[in-house]
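Chemist: The structure follows.
The values are calculated or read from the model by the stated rules, or taken from the named source; none is laboratory data. Computed from a predicted structure; not experimentally measured. Cβ coordinates were reconstructed from backbone atoms using ideal geometry, including for glycine residues, and neighbour counts include every protein chain displayed.
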Amino acid sequence: MIKHLLEVAEFNKTRIDQLIVSAEKMYTLVKKRGGDERLKHKVCVNLFYEASTRTSSSFEASMYRLGGNVISINNVQFSSVAKGETLEDTIRTLEQYADCIVLRHPEIGAAKRAASVASKPIINAGDGAGEHPTQALLDLFTVYKEKGTIDGLNITMVGDLKYGRTVHSLAKILDNYSVKITFVAPQSLEFPTELQATLTNTVAVTTDLEKSLKDTDILYVTRIQKERLEDPSLYESLQQQYVISKSILKKANPHITIMHPLPRINEISIDIDEDPRAAYFRQVSYGLAMRMAIFDDLLLH
Ligand code: NCD
């Protein structure tokens with residue numbers, strides 16, 4: 001059976017814990033030797049219909065660090081997509097060259113559609129406002145690296161919780177652990193109620209960010225998803241609503257860890273970047289290790 005990676009519902013705690021252990025080994029491998037050759041002669045296609053810096057380059061770097069190769073199609077307007085080729089035909093073509101396909105697409109469910117015609121593993125690298133499962137795995141690895149545990153933490157998610165696929169996937173995958181989640185969002189960008197209803201962890205919803213930061217262990221900040229707003233003219237005001245500043249942090253739990261999937265626009269002021277509690281660039285390096293672990297799991301096990 002082909003092992004796809006399409007949504008976080010595929011993961012149980014045992015599998016997540018195995019990936020975290022494997023990512024820890026990959027992290028050390030990169031630090032000590034840069035990588036190894038275990039994916040020699042393996043080829044992956046990165047097929048990105050939406051903008052990306054970290055996700056595309058970290059999947060690419062992960063293949064290289066394990067001895068594999070990547071065909072990168074990051075500019076679909078220069079591919080047959082511009083001629084009107086369907087996603088299905090593009091997948092059925094590219095899989096002839098490769099051992100797996102990493103897909104980012106603006107439509108919810110696109111990765112599942114691709115998987116339904118694919119005979120090689122499809123990795124969902126973000127499907128519109130749907131899910132971003134590999135980001136959720138690297139986020140969990142980051143929490144584990146920063147805090148040494150996941151259970152028992154108070155996790156506050158702030159920003160665009162409606163369209164932000166990273167928070168959808170993270171909130172879901174956290175159901176494998178016992179945490180408290182607090183959602184803080186502008187009025188029109190709240191976490192989807194139907195999704196919230198499926199969560200088993202304790203959830204609080206508030207507009208009072210400062211108050212919730214007092215007992216927050218992990219603050220997960222997200223960008224307003226400008227490209228998905230129904231009314232883009234609201235963007236500026238939405239973007240100003242929750243900004244993590246030095247003065248807000250003074251009132252927060254002193255042991256808070258700040259995460260962000262990036263790109264950051266203005267939702268975290270840059271004068272916090274040097275604060276040791278700002279983990280978002282470390283999060284990028286944990287992401288490389290987790291994606292190496294994912295390739296190892298999908299292509300060698
Ligand atoms: C996120 C995404 O693409 O969903 N970025 C990422 O993958 N690290 C977050 C975002 O674009 O805001």
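Chemist: Identify, by number, the condition in (1) free of Cβ contacts under 8 Å to residues at least 40 places away in the same chain; (2) of a type in the set (A, V, I, L, M, F, W, C); (3) within 30 Å of Val45 (Cβ to Cβ); (4) in contact with a strand residue (DSSP E or B) (Cβ under 8 Å, 6 or more places away or on another chain) that Leu174 doesn't meet.
Modeler: Single failed check for Leu174: (3).
Chemist: Give the residues of the range 206-240 that are away from the ligand (no atom under 16 Å from the Cβ) and either touching a Gly at 6+ places or on another chain (Cβ under 9 Å) or in a helix (DSSP H, G or I) (or both), sorted by residue number.
Modeler: Scanning the range 206-240 gives Leu209, Glu210, Lys211, Ser212, Leu213, Asp217, Ser233, Leu234, Glu236, Ser237, Gln240.
Chemist: Moving on to the next point. Select, from Lys162, Lys172, the only residue that is touching a helix residue (DSSP H, G or I) at 6+ places or on another chain (Cβ under 9 Å), crowded, with 18+ Cβ neighbours inside 10 Å, at pLDDT 95 or above and within 25 Å of Ala293 (Cα to Cα).
Modeler: One residue alone meets the criteria, Lys172.
Chemist: Please determine, by comparing only the residues of the range 136-171 that are within 19 Å of Glu107 (Cα to Cα) and part of a loop (DSSP other than H, G, I, E, B), which one is nearest to the chain's Cα centre (by Cα).
Modeler: So the residue we want is Gly164.
Chemist: Follow-up. Condition check: within 16 Å of the ligand (Cβ to nearest atom), touching a Pro at 6+ places or on another chain (Cβ under 8 Å) and not in a helix (DSSP H, G or I). Does Glu50 satisfy that?
Modeler: In short, yes.
Chemist: Same structure again: For the range 241-284, which residues satisfy the criterion of being assigned to a loop (DSSP other than H, G, I, E, B), among the polar types (S, T, N, Q) and away from the ligand (no atom under 16 Å from the Cβ)?
Modeler: Result: Ser245, Asn253, Ser269.
Chemist: Let me spell it out: the conditions are (1) surrounded by 15 or more Cβ atoms within 10 Å (Cβ to Cβ); (2) touching a Lys or Arg at 6+ places or on another chain (Cβ under 7 Å), and Ile20 meets all of them except one. Which number is the exception?
Modeler: Failed condition: (2).
Chemist: While we're looking at this one, here's another question. Taking the criterion of being within 23 Å of Tyr163 (Cβ to Cβ) and either out of contact with any helix residue (DSSP H, G or I) (no Cβ under 7 Å at 6 or more places or on another chain) or in a helix (DSSP H, G or I) (or both), would at least one residue in the range 117-126 satisfy it?
Modeler: So far as the range 117-126 goes, no, none of its residues is within 23 Å of Tyr163 (Cβ to Cβ) and either out of contact with any helix residue (DSSP H, G or I) (no Cβ under 7 Å at 6 or more places or on another chain) or in a helix (DSSP H, G or I) (or both).
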